[in-house]
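Participant: Here it is: the structure, laid out below.
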Amino acid sequence: MPKTAPEPVRLAPHARLLAPVMASSGGSGRSVVAALMADALASHGTTVVLDTLPRLSSPWSGWTTSPGAGLASIPPDQPVYAGHVRAAAGSGPASGTWSWQVMTDHRRWDTAPLPLPDAPEAWYQLAAIGGWQAVVVDTGHHAAHDIVSSRHAGQAGISARWCSLPYAVPVLCAPATSDGVAALQTAVMAAEADGMPLQRTIVALVGVGEGRWPAPVKAAATMLDPKVGALIQVPYDPWIRAHGLRDAARLKPRTRTAGRDLVRAALSLAHTTWGEPLPPAAVPAPLLEGTPSRGRPAQSAAVAAIPR
């Protein structure tokens, strides 16, 4: 009899796994890694990608297969229903039968920029209201610069705040080039000096061309591997270079395998850190006292920072 693939292990109904995908610079494959992880996580639970990038530098509006109402539909000064948040999310470019969603701004290029919060807590609580079990975040800040500047300012930076959110497994991306791994090594040293959780951080090295990786990349991978929770190689895929992720079903099998490897590493690190199954996720804080509810369900105070 033919062998059948085992059913994926589903996340507990009230659990939430967070994967903030970060990088030290642009061109690091961050959005691709976020998409591959979301596609692989969808078989484990309801999944969303939070697109925190400015609209005109983000690929997500072009990758969604149906747009949804978009971030602009979430009122900045009123409580919202879980269904309202879900309706704002579009459909991601799924490669198989498991669907996943994307929360992005897909308005016309000539509309006024949508002010979005920098606070990771606001984005987390938006996902919590939507009730997703797996949350992948495509972040837009430069991680190494943020870590160093916040350290000298004596305050918690954006990178550290993403890492400190409940059940967060950070992912740090870099292109598999000499300059890319040099920037990655600097980011890892800065994170280590700042006390960030490298033991549950995944490093994703993203291929930029066919053939063997350069010797400096291999050497850097060997040096970094014992410092971090996992190091995953994401191979070069010519379909992504030519077409982006508009049709994920056309990705090479090894590319989809890399996405599954990333998710297996994230789940393993999460279970090692917090136990298996994951404990119930945090519940969003209620509205600040004195804020009118207008008879609607409670919304996180932080989510009110996401204006139209």
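The values are calculated or read from the model by the stated rules, or taken from the named source; none is laboratory data. These numbers were taken from a predicted model, which means no experiment stands behind them. Glycine gets a Cβ as well: all are built from the backbone with ideal geometry, and neighbour counts include every protein chain shown. Just so you know, the surface numbers come from the protein's heavy atoms only, side chains and all, with ligands and any DNA or RNA stripped out. Shrake-Rupley method; radii C 1.70, N 1.55, O 1.52, S 1.80 Å.
Participant: Scan the range 231-238 and give yes if some residue there is open to solvent by 50 Å² or more (accessible area, probe 1.4 Å) and within 12 Å of Val32 (Cα to Cα), otherwise no.
Facilitator: no
Participant: Suppose we filter the range 103-113 for residues that are within 23 Å of Ala128 (Cβ to Cβ) and either in contact (Cβ under 8 Å) with a residue 60 or more places away in the chain or in contact with a Pro (Cβ under 9 Å, 6 or more places away or on another chain) (or both); how many remain?
Facilitator: Number of matching residues: 3.
Participant: I would also like to ask the following. On the given criteria, is Ser178 under 24 Å from Ala219 (Cα atoms), out of contact with any strand residue (DSSP E or B) (no Cβ under 7 Å at 6 or more places or on another chain) and surrounded by fewer than 24 Cβ atoms within 10 Å (Cβ to Cβ)?
Facilitator: yes
Participant: So, in the range 28-73, of the ones that are among the aliphatic types (A, V, I, L, M) and touching a Lys or Arg at 6+ places or on another chain (Cβ under 8 Å), which residue ends up surrounded by the most Cβ atoms within 10 Å (Cβ to Cβ)?
Facilitator: Out of the qualifying residues, it is Leu36.
Participant: Which ones in the range 107-127 are in a loop (DSSP other than H, G, I, E, B) and either open to solvent by less than 20 Å² (accessible area, probe 1.4 Å) or not hydroxyl-bearing (Ser, Thr, Tyr) (or both)?
Facilitator: Arg107, Arg108, Trp109, Asp110, Ala112, Pro113, Leu114, Pro115, Leu116, Pro117, Asp118, Ala119, listed by residue number.
Participant: Quick check, is Pro93 within 20 Å of Gly29 (Cβ to Cβ), in a loop (DSSP other than H, G, I, E, B) and in contact with a helix residue (DSSP H, G or I) (Cβ under 8 Å, 6 or more places away or on another chain)?
Facilitator: Here the answer is yes, as Pro93 does meet what is asked.
Participant: Mind checking whether some residue in the range 134-145 is free of Cβ contacts under 8 Å to residues at least 24 places away in the same chain and surrounded by fewer than 22 Cβ atoms within 10 Å (Cβ to Cβ)?
Facilitator: The answer is no, given that none of the residues of the range 134-145 is free of Cβ contacts under 8 Å to residues at least 24 places away in the same chain and surrounded by fewer than 22 Cβ atoms within 10 Å (Cβ to Cβ).
Participant: Could you tell me whether Val188 is assigned to a helix (DSSP H, G or I), in contact (Cβ under 8 Å) with a residue 24 or more places away in the chain, open to solvent by less than 30 Å² (accessible area, probe 1.4 Å) and out of contact with any Leu (no Cβ under 7 Å at 6 or more places or on another chain)?
Facilitator: The answer is no for Val188.
Participant: In the range 194-226, what count of residues is obtained for those that are over 21 Å from Trp274 (Cβ atoms), assigned to a helix (DSSP H, G or I) and open to solvent by 30 Å² or more (accessible area, probe 1.4 Å)?
Facilitator: 8
Participant: Another question, then. I'd like to know if the range 241-254 contains one or more residues that are surrounded by 19 or more Cβ atoms within 10 Å (Cβ to Cβ) and either of a type in the set (Val, Ile, Thr) or closer than 13 Å to Leu172 by Cβ (or both).
Facilitator: Within the range 241-254, none of the residues are surrounded by 19 or more Cβ atoms within 10 Å (Cβ to Cβ) and either of a type in the set (Val, Ile, Thr) or closer than 13 Å to Leu172 by Cβ (or both).
Participant: Within the range 1-22, can you find the residues that are among the hydrophobic types (A, V, I, L, M, F, W, C) and modelled with pLDDT under 90?
Facilitator: Within the range 1-22, Met1, Ala5, Val9 qualify.
Participant: So, one more: With respect to Pro75, determine if the residue is over 23 Å from Pro166 (Cα atoms), in contact with a Pro (Cβ under 8 Å, 6 or more places away or on another chain) and in a loop (DSSP other than H, G, I, E, B).
Facilitator: no
Participant: Name the residues in the range 146-164 that are over 13 Å from Ala23 (Cβ atoms) and open to solvent by less than 20 Å² (accessible area, probe 1.4 Å), would you?
Facilitator: Scanning the range 146-164 gives Ser150, Gly157, Cys163.
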